Amino acid sequence: MKLLYFAWIRQQTGIGEEEVPLPAGVSDISGLIDWLRERDTTFSKALEDISALRVAVNQEFATFDTEITDCDEVALFPPMTGG
């Protein structure tokens, strides 16, 4: 699975993108976020407030209960603002 990180998530983790196999027992975005938090303390801090997090799966907005597979592209980014 391809993971993409944007804005402050990229800045705090030092990673813009990575390829990882779908972790055992992970079937949705919520589970993936939990796995990322447990994997590394920088991700734990960066993903601490999920209310400030948006997700896209295969370039379409997704919710935390969206199911994912090993072939998906998952992007994590902050809410967009504009005027």
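Shown is the FRET efficiency for Lys45 and Phe77, computed with R0 = 22 Å from the Cβ-Cβ distance and rounded to the nearest 0.05: 0.85.
For the chain, excluding the exposed loop sites themselves (chymotrypsin sites (Phe, Trp or Tyr not before Pro), DSSP loop, at most 16 other Cβ atoms within 10 Å), the longest remaining stretch covers 7-63.
Dividing the Cα radius of gyration of the range 2-77 by 2.2 N^0.38 Å, with N the residue count, gives 0.97.
Taking the DSSP bridge list for the chain and keeping only pairs wholly inside it, about 75 percent are antiparallel.
Throughout, read-outs are computed from the coordinates displayed, never taken from laboratory work. Computed from a predicted model, the values in this text were never measured in an experiment. Counting neighbours? That spans all protein chains shown, and the Cβs are built from the backbone with ideal geometry, glycine included.
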